[in-house]
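No value in this document is a laboratory result; all are computed from the given coordinates. If you're wondering where the values come from, they're calculated on a predicted model, not measured in any experiment. Cβ atoms come from the backbone with ideal geometry, glycine included; neighbour counts cover every protein chain shown.
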Amino acid sequence: MTQADDRNTDSGRGSVPTPVRFVLHWVIKSVVLLLLGVRFLLRPRAVRYGLVALVAVAAIGWRTTGFSLNGLQAAALPSGSPPASTISVPATNQLPPSPVVERYLQAQAAFDGKGMWDLISDEMKSSMQSSGNISLQQLQQELDSARQQGRRYSSAVYVGGVPMTDGQSVYFYVLKVDSPSGSTEVPYIYIVGPDNKIASIQ
């Protein structure tokens, strides 16, 4: 064997195969880069850059997936739904209880037909007589019959009243009526005209 063959044999024994050398090189390079990256991230400025990057990534992700505030609002309000009303309703002037209606209710509770009849307008009297053929005498007869049957007007609750542009006023009351069969609450609307007479009862 020659000296050249001996050198070739020695170099072949001490050398590392090419695939193994490539793998070792990749591992060493990865470890070095990992250590450098950890050291870089531990710096305050790098941390700030990292947080900014995270925020940017999160923002991009939200825009991509649709998880935005506008998206949530759109989900709560389906497409085609009418927008929330912005019409403002001005507060009306609340009227105090009507003295005319109060006297009418007191006369009704006392089964006083004449006291009730004197507080309604002439137009309402004519309407009652023409439509229902109700006169003062018939009104008193109905009140007497109701009292004999055990009916009683125990209370009246004033709900509210508002003025109208034509000079009339509207008052809303709830009457409690007791009878042998039980108690019931009946709502009534009284319209008082400019002449301070009851023009309508609904």
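Could you pull out every residue, at least 5 positions away or on a different chain, whose amide H is within less than 5 Å of the one on G160? Hs are placed 1.01 Å off N in the peptide plane, and Pro or chain starts have none.
HN-HN under 5 Å from G160: F172.
Where does region 99-201 land on the Kirkwood hydrodynamic radius, alpha-carbon pairs, in angstrom? Mind showing how you got there, number by number?
Values: mean 1/r = 0.0695 Å⁻¹.
14.4 Å is the Kirkwood radius here.
Work out the FRET efficiency for Q141 and I201 from their Cβ-Cβ distance, taking R0 = 25 Å, and round it to the nearest 0.05. Mind dumping the intermediate values first?
Numbers: r = 19 Å, r/R0 = 0.74.
Efficiency, from the Cβ-Cβ distance: 0.85.
Quick one: which residues, 5+ away or cross-chain, put their amide H under 5 Å from the amide H of S135? H built at 1.01 Å from N.
The list, which skips near neighbours in sequence, is empty: none.
If amide H atoms are built 1.01 Å from N in the plane of the peptide, which residues on other chains or at least 5 residues away come under 5 Å of the amide H of S200?
The answer is I191.
If we count every other residue with Cβ under 12 angstrom of G193's Cβ, Lys/Arg +1 and Asp/Glu -1, where does the sum land?
Details: positive: K197; negative: D122, E123, D166, D195.
Value of the local net charge: -3.
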